[in-house]
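J.: One structure follows; several queries about it will come next.
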Amino acid sequence: MKHEMQLTPDPFAMIKDGTKTIELRLYDEKRRKIQIGDSIVFTNTETKETMEVYVTDLFVFDSFASLYRELPLLECGYTEKDIDTASPDDMDMYYSKEKQQQYGVVGIKIEKPDHFRTNYENWYAGDDFYWGTEPAGFCDELIALCPPSKEKKVLDIGCGEGKDAVYMAQKGYSVSAFDLTENGIRKTIRLAKERGVGIHAYVDDINTFETDEQFDIVYSTGTIQYLFDENKKAFFDKIDRITKKGGFVFFNVFVEKPFLELPPDWDKEEKMWKSGELFSYFPNWKFHRIDEVIFEDDSNGILHYHCMDTIICEKME
Ligand SMILES: C[S@@+](CC[C@H](N)C(=O)[O-])C[C@H]1O[C@@H](n2cnc3c(N)ncnc32)[C@H](O)[C@@H]1O
């Protein structure tokens, strides 16, 4: 969820340059809607400049007196110059004592998105699962083509918070899975533990990952648009090398259509592919599914459309 807040020029500049990382507010009904992983758009009250940050933690107190005792004030907007005179009464000019007593107060820990290569690091920060924990239907399509056993190995590239990788492990495959986000991998491991299965989950980059293993299924949903153009050929050569003969790959990717707008949650390292481009990397494989569909998505709270190419194919030689 996205929230909006006004900020005077000084705290705005301190958040922008990274010296202020905790925003102090009344914990009224509006601020109680804020969750870890949400974003806040701050508007500079003078220049009207905006800046989006992500909520990485929330510290709730009954009063600014307790908050000032517990939180590092140098991260809350004070500097070495004024830290010695810092007092909870400084907040009275923003919120009356009555309101402070009525609602309590909150320190909102924030992080600027450029700290991370992908927004998903923030979106996966909270306890809830951003994508839920139900597996994608594609997993069952693969299971039908390549029935599970402990000897069969699956690799999930860009596994997110692990819903599909953990499901495949529950079905009986030996599963490895990686994602760029530490929060995604932490939650993949947590989900596997909760479901009582083992899984090899680790942080890695689709652009540079290496493995000596060969897999029966190489799976990647919603992720290969993060491949840099110059790495595409090497990536698919690698996919060919690491897939066993008779093994299967599943890939899908967002493709560009002149009549569709760029999605509102588009990440800075994502790049739309050309329609049909994905299929061209597997000329010698047997296609089991090849399609392009347009579908609705409101995962970030704003309804938008994606066009997606999907392929399931089998390595024949
Ligand atoms: C649309 S999500 C799909 C996640 C997961 N496959 C699922 O369906 O739940 C895209 C994923 O790509 C991951 N990602 C972004 N850049 C990456 C990179 N360079 N290497 C590996 N994963 C990356 C993100 O962290 C995110 O989890």
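J.: Kindly flag which residue pairs out of Lys193/Lys271; Lys171/Lys271; Lys30/Lys187; Lys152/Lys286 have an alpha-carbon separation exceeding 23 Å in this structure. Don't jump to the answer; show the numbers that get you there.
T.: On the way: Lys193/Lys271 34 Å; Lys171/Lys271 33 Å; Lys30/Lys187 28 Å; Lys152/Lys286 20 Å.
Long pairs (Cα-Cα over 23 Å): Lys193/Lys271; Lys171/Lys271; Lys30/Lys187.
J.: Still on this structure, I have one more. Would you pull out the residues with amide H under 5 Å of Thr243's amide H, same chain only if 5 or more places away, H placed 1.01 Å from N?
T.: HN-HN under 5 Å from Thr243: Phe215.
J.: Per DSSP H run of at least 4 residues, take -39500 (n - 2.57); add these up for the chain, divide by its residues and hand me the 222 nm value, nearest 500 deg cm²/dmol. Please report the intermediate quantities before stating the final value.
T.: Values: 9 runs with 72 residues, N = 317.
Calculated from helices alone, the mean residue ellipticity at 222 nm is -6000 deg cm²/dmol.
J.: Quickly rank 255-262, 116-123 as a protection proxy: mean count of other C-beta atoms within 10 Å, highest first. Mind dumping the intermediate values first?
T.: Details: 255-262: 11.6, 116-123: 20.8.
Those peptides, ordered most packed to least, come out 116-123, 255-262.
J.: Please list 3J(HN,Hα) in residue order for region 72-84, calculated via the Karplus relation 6.51 cos²θ - 1.76 cosθ + 1.60 where θ = phi - 60°; whole Hz, with x for glycine and proline.
T.: So the Karplus estimates, Gly and Pro as x, are x, 5, 5, 8, 9, x, 8, 10, 3, 5, 10, 5, 5 Hz.
J.: Okay, next question. Over the alpha carbons of region 2-115, what is the largest minus smallest coordinate on each principal axis, giving the biggest first in Å?
T.: 34, 34, 25
J.: Please pull out the direction-averaged projected area of region 222-301, using the convex hull of its alpha-carbon atoms, in nm² to one decimal place. Could the numbers behind the result be given before it?
T.: Values: hull surface 25.3 nm².
Answer in nm², one decimal: 6.3.
J.: Then there's this: Quick one: of Lys33/Lys109; Lys112/Lys268; Lys153/Lys244; Lys2/Lys97; Lys2/Lys257, which pairs are farther than 21 Å apart, Cα to Cα?
T.: Values: Lys33/Lys109 15 Å; Lys112/Lys268 13 Å; Lys153/Lys244 10 Å; Lys2/Lys97 28 Å; Lys2/Lys257 27 Å.
Over 21 Å Cα-Cα: Lys2/Lys97; Lys2/Lys257.
J.: Express in whole angstrom the spacing between the alpha-carbon centres of region 143-158 and region 263-291.
T.: Spelled out, the Cα-based centre of one part sits 21 Å from the other.
J.: Using θ = phi - 60° and the Karplus curve 6.51 cos²θ - 1.76 cosθ + 1.60, what whole-Hz ³J(HN,Hα) does each residue of region 85-99 get, with Gly and Pro shown as x?
T.: 9, 4, 8, x, 5, 4, 7, 5, 6, 9, 9, 5, 4, 4, 5
J.: I've got another one for you. Translational D (Stokes-Einstein, µm²/s) of the chain at 4 °C and 1.567 mPa s when Rh comes from the Kirkwood sum over C-alpha pairs?
T.: Details: Rh = 22.0 Å.
Answer from the Stokes-Einstein relation: 59 µm²/s.
J.: Applying the Karplus parametrisation 6.51 cos²θ - 1.76 cosθ + 1.60 with θ = phi - 60° to the phi angles of region 259-276, what ³J(HN,Hα) value in whole Hz is obtained for each residue in order, glycine and proline being reported as x?
T.: 3J(HN,Hα) across region 259-276, in whole Hz: 8, 10, 7, 4, x, x, 9, 5, 8, 5, 9, 7, 9, 4, 8, 7, 4, x.
J.: Further question: Give the peptides 102-112, 40-50 in descending order of average Cβ contacts within 10 Å, highest first. If you can, show how the numbers build up before the last one.
T.: On the way: 102-112: 19.7, 40-50: 13.5.
Those peptides, ordered most packed to least, come out 102-112, 40-50.
J.: Expressed as a whole percent, how much of the Cα-Cα distance distribution for region 60-101 exceeds 16 Å? Could the numbers behind the result be given before it?
T.: Values: 289 of 861 pairs.
Pairs farther apart than 16 Å: 34 percent.
J.: Cα-based Rg (one decimal) and Dmax (whole number) for region 138-314, in Å?
T.: Taking only Cα atoms of region 138-314, I get Rg and Dmax of 15.8, 46 Å.
J.: Which order, highest average first, do 216-227, 87-98 follow once you tally other Cβ atoms within 10 Å for each residue and take the mean per peptide?
T.: Values: 216-227: 21.8, 87-98: 12.7.
Final packing ranking: 216-227, 87-98.
J.: Sequence-distant or interchain residues sharing an amide H contact under 5 Å with Phe250, placed H: which?
T.: So Phe250 has HN proximity to Val218, Tyr219, Ser220.
Read-outs throughout are calculated quantities, based only on the coordinates presented, and are distinct from any laboratory measurement. Because the structure is a prediction, the values reported are computed rather than measured. Glycine gets a Cβ as well: all are built from the backbone with ideal geometry, and neighbour counts include every protein chain shown.
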